[in-house]
Amino acid sequence: METAYLKECFGNSLTQALAEVARVRPSDPIEYLAHLLYHYRDVKNAKGKKEQELLQLKEEHDRSLKEEKTTQVLKQEKNQIQQKCEKCHQVERKEEWETELSCCQELHPKAVSSSKTPSLQEDTTPLEETLSQVSPGWLQKCINRFLPLKKMTCKGSFHLSYDCRV
């Protein structure tokens, strides 16, 4: 029973310490044995602590990799959502533009060609001629309807400049 207890508490270190005492033959073998057992205990504790730290570092590393993957997935989802929103906004702006254009066509059919919009028309001389025949009040009314497109100015002889960046 005593040997089982000693093996359980000290393990192989007691055997090694006794072998060391027999080899060295110190003047006070009990004190020497005590120092050796303390030393083995300290070494064992240091190993356990080091293993625990390594395990903790591995867990932290795994956790950081998992967080990085999650962050990447979230960024991808965010980019996809932004792209969908941009497409949606482009469609909405196009629909608003077409609605406003049709409204202006109803108000004054000569002012806007049905086949080409003013921003896409390459030769603007027919448009400028038509706009010179249109009353400034009507033109201002159409311009006010297009204000959500950020900036639209009316200069001198009714030259329109569009800035559709939103």
> Do we find a residue being assigned to a helix (DSSP H, G or I), at pLDDT below 90 and basic (Lys, Arg) anywhere in region 95-113?
Replying inline: no
> Got at least one residue in region 133-146 being among the aromatic types (Phe, Trp, Tyr), at pLDDT 75 or above, under 37 Å from the mean Cα position of the chain (by Cα) and surrounded by 10 or more Cβ atoms within 10 Å (Cβ to Cβ)?
Replying inline: no
> Is there a residue being exposed (fewer than 10 other Cβ atoms within 10 Å of the Cβ) and either among the polar types (S, T, N, Q) or touching a Phe, Trp or Tyr at 6+ places or on another chain (Cβ under 7 Å) (or both) anywhere in region 24-31?
Replying inline: yes
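The values are calculated or read from the model by the stated rules, or taken from the named source; none is laboratory data. All of these numbers come straight from a predicted model, not from anything done at the bench. Note: ideal-geometry Cβ built from the backbone for every residue, glycine included; neighbour counts use all protein chains shown.
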